[in-house]
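Report on the following structure.
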Amino acid sequence: MAIKIQKLNFKNISHHNILRNDFKYFQWISDFTNKYKNTQKLKYFVSYSYKGYAFEAKDFSTEGEIIALKGANFQEDFFIDFDNMDYLPEEFYDMEKFKKFKVQRNEIVIALVGHSIGKIALIRDDVKMLLNQNNISIKLKEEYNSLVYTYIISIIIKEVVEKLYKVSGGYSFLRVDDLMDIQIPILDKNEQDYLLDLINKYENSISKSRNYNKIIEKLINEVITKEFCIDIETLKKIENKKNIDTDLYSLSFNNSNLRASYRWNKAVQLQEKMFLNCNCIEKLGKYIINTKNGWSPTCDDNATTNIILGIDCININTSLSFDSPKYSDESKDNINNDIIKNGDLFVSRGNTVNLVALASIAKLSDEDEDYIFSDLMIRINLNDDINKEYVAYIINSIIGRLYFKYVSKGKNQSMVKISSKELNDFLLPVPNKAKQKEVVDLIKAEIDKQDIIKQQLIDKRNELENIIRDTIKEN
């Protein structure tokens, strides 16, 4: 194996405030210096900044007026997903203690940790929000257009995070000092105006179709709720309740461990109402042969032996993606047991409350490379009495989302987990296999239409980002 050597002196190392001296850091610095010209550190552009507050779990609710802004709510197009928010007590907004955490229009918010690391949102409207921990909000100086620089900063931070800070199977973390030291190109007003015009045209052209995941989620739910006569409005009312009344019978319902928490009992009530008009309810465990957690070796940009997929590869459309792999040279006994095979069904073992246990199926050919699934994924092996695609769609529908949201465990709601126990206890409608296939075909037909639109949007976004890269390289 070839050895890469880079000579450094103490002056190089001392430039970093925690004396970072690894090869990939200085290799990236060298590459970056040759890629962009006329740059300044991000802090040069910033008028003010502030980090989010560590609100307690008991402060959050599913309804209210004051939004707790989290990285999980940031979308790829820098908008905010207002459909899955956590809310804070209304009195918090006017309390002196939280005054400095009020999010303001034209601020750029950047997620610093976890699976959201590097995600960015531009605050475009006057909405009452308080910034949650693990995020930083920055306001640029007046001479730097916030929309233009959101795109520029995103392009560069995405590269920085992927190269230097994102880890597979671990907890990714970007220090504020490191963020502020990232070099950002300086554009004059004419260049900013040129890019602003292109960005506005792009955003106007995609405004009706930009939220692919929400569109897919809605399509899945429309089919599932219609087929099984599920009343979504009733479920919303239960979910918004702050108190749950229960009895001993309800406490023991589908509850072998006698969990007595508020979240568990909310899951029970949601399931009871959800299946009032359905007479084919079964536990998923009836169809599970076995489950297996993945493996998370130490990953390295210079590694070549094993390709590792993390939970980012699991999608609402139930198709496993292979475009964000990590690499590792570690090995272990029986490593073949961790290799992904065509048709494997996976769920995310850990994620945010809204994304935990999301399901996807691997679609591979004989020519594809071997991929290993990480520790935060569970492979589910089902028997032939149930349609695998049907199960994936049910898990990703409102039936699965509400169940796993409330039965998952974890003190920090930005990372909760499920186990084979929760999977086995999952209640779902199981009609005959012909009906299962009919449901699958209905959903796939609608998703195929949206996938065509999605690819068109991706092509437009790539074209725009290439123009932005060319502009900031030429300075």
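The values are calculated or read from the model by the stated rules, or taken from the named source; none is laboratory data. Predicted model, so just to flag it, every value in this text is computed and none were measured. Cβ coordinates were reconstructed from backbone atoms using ideal geometry, including for glycine residues, and neighbour counts include every protein chain displayed. Note: areas computed on protein heavy atoms with side chains; ligands, DNA, RNA excluded. Shrake-Rupley method; radii C 1.70, N 1.55, O 1.52, S 1.80 Å.
Descriptive notes on the structure:
- Pair-distance distribution P(r) for the stretch 112-241, from all Cα-Cα distances in 10 Å bins starting at 0: 9, 27, 30, 22, 10, 2 percent.
- Estimated vicinal HN-Hα couplings, Hz - the stretch 329-337 in sequence order (Karplus 6.51, -1.76, 1.60; Gly, Pro = x): 9, 6, 9, 6, 5, 6, 4, 4, 5
- Computed on the Cα trace of the stretch 345-475, the radius of gyration divided by the Kirkwood hydrodynamic radius gives Rg/Rh = 1.08.
- Sorting the segments 361-372, 461-472 by their mean number of nearby beta carbons within 10 angstrom, highest to lowest, gives 461-472, 361-372.
- The distance from the alpha carbon centre of the stretch 272-306 to that of the stretch 420-451 is 15 Å, rounded to a whole number.
- Share of pairwise Cα separations in the stretch 343-390, more than 17 Å, in percent: 42 percent
- In this simple spin-label model, placing a label point 7 Å from the Cα along the Cα-to-Cβ direction at both residue 240 and residue 162 gives a separation of 4.1 nm.
- Mean shadow area of the stretch 73-121 over all directions, Cα convex hull, nm²: 4.3 nm²
- Nearest-10 value in Å² for the accessible area of residue 218, using the 1.4 Å probe: 130 Å²
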